[in-house]
Amino acid sequence: MKKFSLFGLLALLFFCTACPYQSPVPVDEPNQPVKEEWLGKWKVDVAGKDFYEISKADENIYQIVEHTHKIEGAVERKTYVAHTSTIGDLTFLNVKMTRQGTNPVPNADFLIFKLQSANGNKITLLPVTENVREKFDNSAALRNFIQENDKLSFFYEKETVYTKVN
């Protein structure tokens, strides 16, 4: 019984630490304008201290600064750039880390999220599963792969809902 409990705990920890799929290329190049209604402060847990600040980096690119409050009282900041891409009637968010604290992050991969909904002050994102093993050297191949696999039940991780707080 003890071995089963330990295996169950290890499996649970593995699934809780899953990361989204990472791609060396985005779904598409930044060619869609920034949506003004997405700019501002967003939280996953409205009562919590952690939040994301979204601002406009340029006409087609968002800058996202993640503020994570640590137990010691320190705040960890990670900076990302992001842009949207469309495949048919689906919208994807391509997110790339550019700084961790004050340190640049060179050659970071893109994290790919499906935009499930954006209604008023809520945005729901589904990360493409990290279980995708294919790597693509061009956006067209990645888009084709997503089109072929989007309907598979295991293609996305659990959704996350972000609420605008200002």
Condition set touching an Asp or Glu at 6+ places or on another chain (Cβ under 9 Å) and within 17 Å of residue 20 (Cα to Cα), scope the stretch 153-166, selection least open to solvent (accessible area, probe 1.4 Å): answer is 156
**Message:** Whether any residue in the stretch 50-71 is in contact (Cβ under 8 Å) with a residue 40 or more places away in the chain and part of a strand (DSSP E or B) is what I want to check.
**Reply:** yes
Across (1) modelled with pLDDT under 95; (2) among the polar types (S, T, N, Q); (3) under 11 Å from the mean Cα position of the chain (by Cα), residue 160 clears everything bar (1)
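Matching residues to (1) among the β-branched types (Val, Ile, Thr); (2) closer than 10 Å to residue 22 by Cα; (3) open to solvent by 70 Å² or more (accessible area, probe 1.4 Å); (4) in a loop (DSSP other than H, G, I, E, B):
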| residue | (1), (2), (3), (4) |
| --- | --- |
| 108 | no, yes, no, yes |
| 111 | no, yes, no, no |
| 114 | no, no, no, no |
| 117 | no, no, no, no |
| 126 | no, no, no, no |
| 132 | yes, yes, no, yes |
| 141 | no, no, no, no |
| 146 | yes, no, no, no |
| 151 | no, no, yes, yes |
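Just checking, which of 126, 115, 142, 111 is of a type in the set (A, V, I, L, M, F, W, C) and either within 27 Å of residue 75 (Cβ to Cβ) or modelled with pLDDT under 95 (or both)?
The conditions single out 111.
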Within the stretch 57-88, of all residues that are of a type in the set (Lys, Arg) and either closer than 21 Å to residue 124 by Cβ or within 17 Å of the chain's Cα centre (by Cα) (or both), the one most open to solvent (accessible area, probe 1.4 Å) is 77
Among (1) without any contact (Cβ under 8 Å) to a residue 60 or more places away in the chain; (2) over 23 Å from residue 151 (Cβ atoms), residue 91 falls short only on (2)
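The values are calculated or read from the model by the stated rules, or taken from the named source; none is laboratory data. Quick caveat, the model's predicted, so the values are computed rather than measured. No Cβ is skipped: glycine too gets one built from the backbone with ideal geometry, and neighbour counts run over all protein chains shown. Only protein heavy atoms, including side chains, enter the accessible area calculation; ligands, DNA and RNA are left aside. Shrake-Rupley method; radii C 1.70, N 1.55, O 1.52, S 1.80 Å.
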